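A short worksheet on the structure shown next.
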Amino acid sequence: MIKNNILNLESISVRFSPHGPDVVDDISFGLEKGEIVGIAGESGSGKTVSMLSILGLLPQAIVKGSVKFNGTELIGAKNSILNKIRGKRIGLILQNPFTALDPMLNIGNQISEGLIADGCSMDKAKIQAINLLNEVGVPSPSQRIRDYPHQFSGGMRQRIVIAIALSQNPELLIADEPTTALDVRIQKQVMELIKRQCINRGMSLILITHDLGLISNYTDRVLMMYAGKIVEDSPSQKIFKDPLHPYSKGLLDCLPKLNDYNNDFLTTISGNPPQPNEFPSGCRFHPRCNYSKIDCQKDGHPPLIKYKWGRSGCIRVSELF
């Protein structure tokens, strides 16, 4: 464990039945204070499951390994310990703001709820809720605090969810696809808001997304996940210039190039990600990989190998491209 890290994951595996496959398989990484890390990959790669499970938010999940948050072990911790961390020291922004908010409570009550539970008076909680709404850019917060979720647009609802996540001044924020349901203009506003709050508060951020544009613009580092494994850990700008793993290269090749007039069609990665009970032997990406060799199919997924510039990747064939 690195002492400077606010969060350390060591050999985390997650399954949903005692004899079932590991949907997240032996992942490890650290997060420094103030660092913004993106977790990217196709749907089903284990991005959300890995983060929700370490917070104990998937009761049916069987989690192995170690997760230390500022020295406190989260895996196997009692609810009394987790309740002092979840929402207070680790904030969470869920993917769909409409389902994340209670339709029966006005937003003032929803923002104040955690503050009051933490010992804040109702009057002080209301003032803080108004200040938070103003901070995240909700207009006329002193009036709108009495409104209900259905009275807000999707972008405003997401800002309210962010206000709730920030209400107890967490040290770490986990944002799970925070811009999926928003149009491009509102996406930028929301991401600029989240990044600004991280800088102003000195918060760390884990951004879960499949949008490589967000990774490029708003993160310091990216963890590329495929089929429950981290296949590359790299500074964000390095991975776009020089990807180490064929999967990273494949995803980047799928992005449209504005100055390329020769190709009429977008590049794609053939096939589909494997289901957890169908993971192939060796590198899990080899059935879809253009650079696959016999070595890639050998038993055991290749480990992350330290490269340079603070990078590491599961690389057996990286010298081929």
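The values are calculated or read from the model by the stated rules, or taken from the named source; none is laboratory data. Because the structure is a prediction, the values reported are computed rather than measured. Note that each Cβ is placed from the backbone with ideal geometry, even for glycine, and that neighbours are counted across all protein chains shown.
Based on this model, can you work out whether Ile54 counts as under 21 Å from Asp220 (Cβ atoms), under 17 Å from the mean Cα position of the chain (by Cα) and touching a residue at least 60 places away in the same chain (Cβ under 8 Å)? Judged against the criteria, Ile54 is not a match. The one condition from (1) on the phi > 0 side of the Ramachandran plot; (2) of a type outside the set (A, V, I, L, M); (3) without any contact (Cβ under 8 Å) to a residue 40 or more places away in the chain that Gly30 does not meet is (1). Residues in the range 200-226 that are in a helix (DSSP H, G or I) and in contact (Cβ under 8 Å) with a residue 60 or more places away in the chain: Leu212, Leu214, Ile215, Tyr218.
For first residues located in the range 287-305 and buried (at least 16 other Cβ atoms within 10 Å of the Cβ), partners that are in a strand (DSSP E or B) and lie 6+ apart or on another chain with Cβ distances below 6 Å form the pairs His301/Lys229; Leu304/Ser312. Within the range 163-210, restricting attention to residues that are among the hydroxyl-bearing types (Ser, Thr, Tyr) and modelled with pLDDT under 90, the residue that is nearest to Val138 (Cα to Cα) is Thr179.
For the range 43-64, the criterion of being part of a strand (DSSP E or B), more than 27 Å from Leu166 (Cβ to Cβ) and of a type in the set (Ser, Thr, Tyr) is met by no residue. Close Cβ contacts (under 6 Å, 6 or more residues apart or on different chains) running from residues in the range 156-173 that are under 9 Å from Gly87 (Cα atoms) to residues that are of a type in the set (Val, Ile, Thr) comprise Ile164/Ile111; Ala165/Ile93; Ser167/Ile111; Pro170/Ile90. What about Ser45, is it assigned by TED's automatic domain parsing to the domain that holds Ile215 and among the small types (Gly, Ala, Ser)? Considered against the rule, which asks whether it is assigned by TED's automatic domain parsing to the domain that holds Ile215 and among the small types (Gly, Ala, Ser), Ser45 comes out as yes.
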